[in-house]
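One structure is given here, and the rest of the page talks about it.
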Amino acid sequence: MESPAAPLLRIGANLRWGTRRLWSGAASPRGSFVLRVRLASPVPELAPPSWPPRRDAGLPLLDVLRVLERAARDDQVACVLLRLEGSPGGWSRALTLHRAVAALRAAGKPVIAWSESYDTNDYVVAAAASHVLIAEAGGVGWTGLRLEGLFLRELLEKWGVAPDVVRVGAFKSAAEMFTREGYSPEHRAQLDAIAEEAWQALCGAIAAARGLGAETVSALADEGPFTSEAACEVGLIDGTAYPDEIEDRVRAWVPELANQDPLPLLDSVAYAWRHALPGPVPLGKALPRIAYQIAQGTVSRGRGNRGIHSETLLRTLRVLEEDEAVRAVVLRIDSGGGEVVASDLLWRGVARLAAEKPVVACFGDTAASGAYYLAAAAGTIVAEAGTLTGSIGVVGGKVDLSGLLGRLGIAVDQVERGQRAGLATATRGFTAQEREIVRAGMESAYDRFLARVAEGRGMPREAVHAVAQGRVWSGSAAIQQGLVDSLGGPLEALALARHAAGLSGEERVALEVHPRASAFGGLRELLRAAG
């Protein structure tokens, strides 16, 4: 049953839409124009809306993707000027943006990418453009892919610190930096597989966009980094330009703008507010809604605004579960995991939600350990080829500081009741009995983890165990192992959610992004600056 306040909320939504429309309309050129899109470094998953709007504000990932998708169908957009400010994020985000730029180019829109210099990930995005430019003094850092870790065992030993770690799963490597001087054979094997699959995806994307063979692109990494001249010679870029020369390049490459002076430009922020956001909503009834819930950071218990806090996210999941107008939910996850209890609480929340309406989990750069745990309850899971996925296992322990305390001349004494009262203390390590108790608890948590994944993915427990044991997979490998359903990013996840909810491609749908931020964050910034 609809709330009595719902019509008032729709009136408020229409007022907000009208205000944004007026502001963006005042900034919009008449006739054909160049759409200028700035990609921040990194491109954020969630950015607070700013009022009054700032023209130099970067858009969050979903808005960038929606702007590019809308521009591909907009006859007024004669060209897209892509300004890259550095790495957009990890491999997953780079591949998502590459695909969006490639789709825009395939729709017949010229795309000009420019940056002062490129590294691996932002070059992957730029390579999808029709014309790739760079500052004359810049370079292309196409040098390969590297995964490295720091190991603190020797340092800790020098200070008398002894990590006391228990893990369940041969590949569960989270504590190796404290207990080893290099990668374990198991961890090296999984990293090697992930690096190879990600490298093939990156090289393949660049090769297809630049008209080069994948083997050629891979071999070029052994010759990098490249100066702007060298990068042009080998076909990685198309030329150099200073910022003040870019408009002349646009006129030369886009015939319909050849005689335009000044060049009609529109920033992506204004374009998003005018074209990529839903229009006015009917006052008589609510539009069907799809919720896009961002879950980013470490999984932990309690409440909070940074990271994935179980109580905070569960509250939102319950609201979405009970709201009949919300027809489907996309759960955008970028997290390496966290606490076991918090992950299980959130698994329950996602499972309850998925029992009422379609839930599509969409993985970012990482969805591992506790993050994969809670995602396993979703009806469908999508990931990019380079997404670090899985790590179904458990690790824990404590740090024994007794050696350090002794070196510092600090004595420890205690009064206890109960043989295991000191189990969690950092002034000594585990006793043999305590270590077995800790291991038993972790094995119980691991068994529960296997059961959650088996239930959510429709797999036998033994099959889950075979691909678990703490092992991390790339997104593409995770599909083969049954842990992921398909490759894709936010736009593909939204399309799957729409289809699962029985909404046609032509039907108007309101997209709401969570967590919601204050609409007056920019005004507060101005007031603080004035003060």
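The values are calculated or read from the model by the stated rules, or taken from the named source; none is laboratory data. Given the structure is predicted, the values throughout are model-derived calculations rather than measurements. Cβ sites come from the backbone with ideal geometry, for glycine too, and all protein chains shown count toward neighbours.
From the list R105, R93, pick out the single residue that is assigned by TED's automatic domain parsing to the domain that holds S268, buried (at least 24 other Cβ atoms within 10 Å of the Cβ) and either touching a Lys or Arg at 6+ places or on another chain (Cβ under 8 Å) or not acidic (D, E) (or both).
Values: R105 fails: buried (at least 24 other Cβ atoms within 10 Å of the Cβ).
Unique residue meeting the criteria: R93.
Do you know which of the residues in the stretch 378-428 that are under 35 Å from the mean Cα position of the chain (by Cα) and polar (S, T, N, Q) is farthest from E339 (Cα to Cα)?
Our first condition is that a residue be under 35 Å from the mean Cα position of the chain (by Cα); within the stretch 378-428, this holds for 378-399, 424.
Filter again for polar (S, T, N, Q), leaving 380, 387, 389, 391.
On the way: T380: 24, T387: 21, T389: 17, S391: 14 Å.
Here the residue is T380.
This table checks each residue for (1) hydrophobic (A, V, I, L, M, F, W, C); (2) modelled with pLDDT of 90 or more; (3) under 30 Å from D238 (Cβ atoms).
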position: G149; (1), (2), (3): no, yes, no
position: R167; (1), (2), (3): no, no, no
position: A205; (1), (2), (3): yes, yes, yes
position: R210; (1), (2), (3): no, yes, yes
position: S228; (1), (2), (3): no, yes, yes
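Taking D222 as meeting all but one of (1) surrounded by fewer than 16 Cβ atoms within 10 Å (Cβ to Cβ); (2) within 30 Å of the chain's Cα centre (by Cα); (3) part of a helix (DSSP H, G or I), write down the number of the exception.
(3)
Just to be sure, is V132 in a strand (DSSP E or B), closer than 27 Å to L61 by Cβ, assigned by TED's automatic domain parsing to the domain that holds L39 and out of contact with any His (no Cβ under 6 Å at 6 or more places or on another chain)?
Against the criterion (in a strand (DSSP E or B), closer than 27 Å to L61 by Cβ, assigned by TED's automatic domain parsing to the domain that holds L39 and out of contact with any His (no Cβ under 6 Å at 6 or more places or on another chain)), V132 qualifies.
Hey, could you check the stretch 293-308 for residues that are surrounded by 22 or more Cβ atoms within 10 Å (Cβ to Cβ) and out of contact with any Leu (no Cβ under 6 Å at 6 or more places or on another chain) and say which is nearest to A501 (Cα to Cα)?
Residue satisfying both the conditions and the ranking: A295.
Out of A454, A354, report the one residue that is hydrophobic (A, V, I, L, M, F, W, C), under 38 Å from the mean Cα position of the chain (by Cα) and either surrounded by 19 or more Cβ atoms within 10 Å (Cβ to Cβ) or modelled with pLDDT under 90 (or both).
Among A454, A354, only A354 is hydrophobic (A, V, I, L, M, F, W, C), under 38 Å from the mean Cα position of the chain (by Cα) and either surrounded by 19 or more Cβ atoms within 10 Å (Cβ to Cβ) or modelled with pLDDT under 90 (or both).
Among the listed residues D261, D267, which satisfies the condition of being at pLDDT below 95, acidic (D, E) and surrounded by fewer than 15 Cβ atoms within 10 Å (Cβ to Cβ)?
Residue meeting the stated conditions: D261.
Which one is surrounded by the fewest Cβ atoms within 10 Å (Cβ to Cβ) among residues in the stretch 309-348 that are among the β-branched types (V, I, T) and under 23 Å from S444 (Cβ atoms)?
For the stretch 309-348, the residue satisfying everything is V341.
Kindly indicate whether any position in the stretch 142-158 is within 24 Å of the chain's Cα centre (by Cα), buried (at least 19 other Cβ atoms within 10 Å of the Cβ) and outside any strand (DSSP E or B).
yes
Have a look at G470, G386, G429 and point out the one that is part of a loop (DSSP other than H, G, I, E, B), outside the structural domain of A368 (by TED's automatic domain parsing) and surrounded by 15 or more Cβ atoms within 10 Å (Cβ to Cβ). Full working, then the answer.
Numbers: G470 fails: outside the structural domain of A368 (by TED's automatic domain parsing); G386 fails: outside the structural domain of A368 (by TED's automatic domain parsing).
Just one listed residue meets the conditions, G429.
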